[in-house]
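Here is the structure we will look at, set down as structure tokens.
The values are calculated or read from the model by the stated rules, or taken from the named source; none is laboratory data. These figures come from a predicted structure and were not determined experimentally. Using ideal geometry, Cβ is built from the backbone for each residue, glycine included, and neighbour counts are taken over all protein chains shown. Ligands, DNA and RNA are stripped out before the accessible areas are found, and what is left, the full protein with its side chains, is counted by its heavy atoms. Shrake-Rupley method; radii C 1.70, N 1.55, O 1.52, S 1.80 Å.
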Amino acid sequence: ISLALAKKERWPDFTFGVDYTQINNNIYSSPPDNGQDAVMGFVSINIPLWFGKLRAQQREAEKRLESSREARVHAGKNVSSEVQDAWFRAQVALDQVTLYNESLLPESQQTFDASQAGYEAGTVTFIDLLDSERALLNFRLGLIMSEAELAKAQATLERAMGVDLNVVQEQSARG
């Protein structure tokens, strides 16, 4: 729009108008139309003479238009990159959550249970029991941190895409 306006600045401006003036009756005035209201018409033409300035305005408008187009393309690329990054981080976090739930935590729980049974039987030292419990707690903490990373990646993905993924998942499950 501003580019079109800048191009139109080179054209002359025409102004037409009518003015109405009420005049008081003055008994001491000598003109013959004394006390008659006046109606006046006028025409104004504004001719642009500073073409260098007008060309500069047009170039500025062209550069603004080009800049806004580039900004739109750049914003689209940023959103695409943000979506891809969040998707990748969500996949990694989901894989880690799955690894903790299906492998690391069950194995660590079995090790702890075996250490506890061995400690009760007197074949495992208290330090070994504490080490197995510490490993179990570390794996639980790792699971919680992976779940938090998954939630953060999901929130970033939802913000970048502009949709609630839980709603999308529910809708796809229904239909």
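At-a-glance table
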{"quantity": "Failed condition for T123, given (1) in contact with a Ser or Thr (Cβ under 9 Å, 6 or more places away or on another chain); (2) not in a helix (DSSP H, G or I)", "calculated": "(1)"}
{"quantity": "Test: residue in region 153-163 that is loosely packed, with under 14 Cβ neighbours inside 10 Å and either hydroxyl-bearing (S, T, Y) or touching a strand residue (DSSP E or B) at 6+ places or on another chain (Cβ under 6 Å) (or both)", "calculated": "no"}
{"quantity": "Count of region 44-87 residues which are surrounded by 12 or more Cβ atoms within 10 Å (Cβ to Cβ) and within 23 Å of the chain's Cα centre (by Cα)", "calculated": "9"}
{"quantity": "Output for region 110-125, where each listed residue is closer than 26 Å to L143 by Cα and open to solvent by 60 Å² or more (accessible area, probe 1.4 Å)", "calculated": "Q110, T111, D113, A114, Q116"}
{"quantity": "Counted residues, region 150-175 - those being assigned to a helix (DSSP H, G or I) and out of contact with any helix residue (DSSP H, G or I) (no Cβ under 7 Å at 6 or more places or on another chain)", "calculated": "13"}
{"quantity": "Yes/no for R134 being in contact (Cβ under 8 Å) with a residue 12 or more places away in the chain, open to solvent by 70 Å² or more (accessible area, probe 1.4 Å) and charged (D, E, K, R)", "calculated": "no"}
{"quantity": "Filter result (among the small types (G, A, S) and modelled with pLDDT of 95 or more) within region 147-160", "calculated": "A148"}
{"quantity": "Flag if Y100 is open to solvent by 80 Å² or more (accessible area, probe 1.4 Å) and assigned to a helix (DSSP H, G or I)", "calculated": "no"}
{"quantity": "Residue list for region 5-42, filter: part of a strand (DSSP E or B) and either open to solvent by less than 100 Å² (accessible area, probe 1.4 Å) or modelled with pLDDT under 70 (or both)", "calculated": "D13, T15, G17, D19, T21, A38, M40, G41"}
